[in-house]
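Below: one structure, written as structure tokens.
The values are calculated or read from the model by the stated rules, or taken from the named source; none is laboratory data. If you're wondering where the values come from, they're calculated on a predicted model, not measured in any experiment. Every residue, glycine as well, gets a Cβ built from its backbone with ideal geometry; the counts of neighbours run over all protein chains shown. Quick note on the areas: whole protein, heavy atoms, side chains included, nothing else; ligands and nucleic acids left out. Shrake-Rupley method; radii C 1.70, N 1.55, O 1.52, S 1.80 Å.
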Amino acid sequence: MSSLGEMAARLLGDGTATKIIGYERAHGKTRPCFCTKAGDTARLVLDDSCANNVAVYLTKAEVAGGWRVCVTATLPVLRSMVQLAMEHQLPEGATAIALGQGGSPTLLGSVEEMEAFLADKPLDTSGKERELRDRLKAMGREERWQFWQEELSKCIKCYACRAACPLCYCTRCIVDDNCPQWIRPWASPLGNMEWQISRVMHMTGRCVACGACKQACPMGIPIHLLTLSLAEDVEREFGVAPGAVMDHGNVLSTYNADDKEDFIR
């Protein structure tokens, strides 16, 4: 049994956790797994192949409700957990196992410990699809608008991006409302654009750049570039880095009389 599995088994054994949410390898791939028995933890893995953001399960009552949950967490998962805690959505008593110095598993028993663990690991979004992002930034406004119109026309409104995002946890999404009908629920050029713009606005200052939305999109639309671009704008305008710990609220949910208003034209 790996040291990761041993730690998880110990947490289940002493009652610190009653469910471990993590990753396992199966059928040549790495996928989420859930352990409630110490004997199951031997299959846990935590490495660069763990791409899913398993923090998405923490707001699902059918998965986390009634359990003391411990998550084997990558850095994006940890950032998601801290953000969920700030928004009062993290299950009470949730803990995490992360890879510390030398790749050894480290138990983070509180949100404060998660914050301290992340403090010297700033999120760097510069390397993700940099070539395409630079090409988009070099485009004129009309050319960039045309690019996104063509890309978003492929959207089939499956909402896989919403389902994969740990910070899309509303029990009733704006696209599900029909009294009034805010956004067309069927796939159409206007409805697709309305949906994606709404999604990106709701993620402003909250996105941890995990890329789960892109990975989930069956049409291969690079929708994560929208939130990454907006994260860079937020950092430039407000000095808040993407994935940063904020104890004073999210960028678009707070007001400061000293905020710049040069965006109003």
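The solvent-accessible area of R31, taken with every protein chain present and a 1.4 Å probe, is close to 100 Å².
For the range 1-94, the square roots of the Cα gyration tensor eigenvalues, ordered a ≥ b ≥ c, give a/c of at least 1.5 with a/b no greater than b/c, which places it in the oblate category. Ordering L108, L58, F238 by Cα displacement along the dipole of the chain toward the positive end leaves L58 in first place; charges were set at the Cβ atoms of Lys, Arg (+1) and Asp, Glu (-1).
Shape class of the range 34-84 from the Cα gyration tensor (axes a ≥ b ≥ c, square roots of the eigenvalues): oblate, since a/c reaches 1.5 or more and a/b does not exceed b/c. Peptides 6-14, 203-211, 140-148 ranked from most to least packed by the mean count of surrounding Cβ atoms within 10 Å: 203-211, 6-14, 140-148.
A simple spin-label model places the labels of V45 and E6 2.1 nm from each other, with each point 7 Å out along Cα-to-Cβ. Over the residues of the chain, the helix contribution to mean residue ellipticity at 222 nm works out to -10500 deg cm²/dmol, using -39500 (n - 2.57) for each DSSP H run of at least 4. Cysteines in the chain that lack a partner Cβ within the 4.7 Å cut-off: C33, C35, C50, C70, C155, C158, C170, C173, C179, C207, C210, C217.
Taking amide H positions as placed 1.01 Å from N in the peptide plane, with prolines and chain starts having none, which residues 5 or more places from E24, or on another chain, fall under 5 Å of its amide H? Under 5 Å from the amide H of E24: R31, C33, V45. Pairs with C-alpha atoms separated by more than 18 Å, drawn from the list K157/K214; K154/K214; K60/K121, are K60/K121. For the pair S229 and T18 in one chain, pulling the backbone fully straight at 0.36 nm per residue adds 72.1 nm over the alpha carbon distance. Electrostatic bookkeeping for E150 treats Lys and Arg as +1 and Asp and Glu as -1; over the other residues with beta carbon under 12 Å from its beta carbon, the sum is 0.
Contact order, relative form, for the chain: 15 percent (alpha carbon pairs under 8 Å, 6 or more residues apart, mean separation divided by residue count). Label separation (E142 vs A119): 5.2 nm, computed from points 7 Å beyond Cα along the C-beta direction.
Dividing the mean sequence gap of close Cα pairs (under 8 Å, 6+ apart) by how many residues the range 1-76 holds gives a relative contact order of 35 percent. Take the alpha carbon gyration tensor of the range 38-185, find the square roots of its eigenvalues, order them as a ≥ b ≥ c, and report rounded if a/c is under 1.5; if not, report prolate when a/b exceeds b/c, else oblate. Verdict is oblate for the range 38-185.
Relative contact order of the range 175-235: what whole-number percent is it, with Cα pairs under 8 angstrom and at least 6 residues apart? It comes to 26 percent, rounded to a whole number. The candidate values were (i) 19.6, 62; (ii) 17.5, 53; (iii) 19.5, 82; the one computed from these coordinates for Rg and Dmax of the Cα atoms in Å carries the label (i). Excluding same-chain neighbours fewer than eight residues apart, the lysines reachable from K37 by a Cα-Cα span under 17 Å are K19. These residues, D259, D48, go from largest to smallest accessible area, 1.4 Å probe, as D48, D259.
Cα convex hull, the range 108-265: 158 Å³ per residue, rounded to a whole number.
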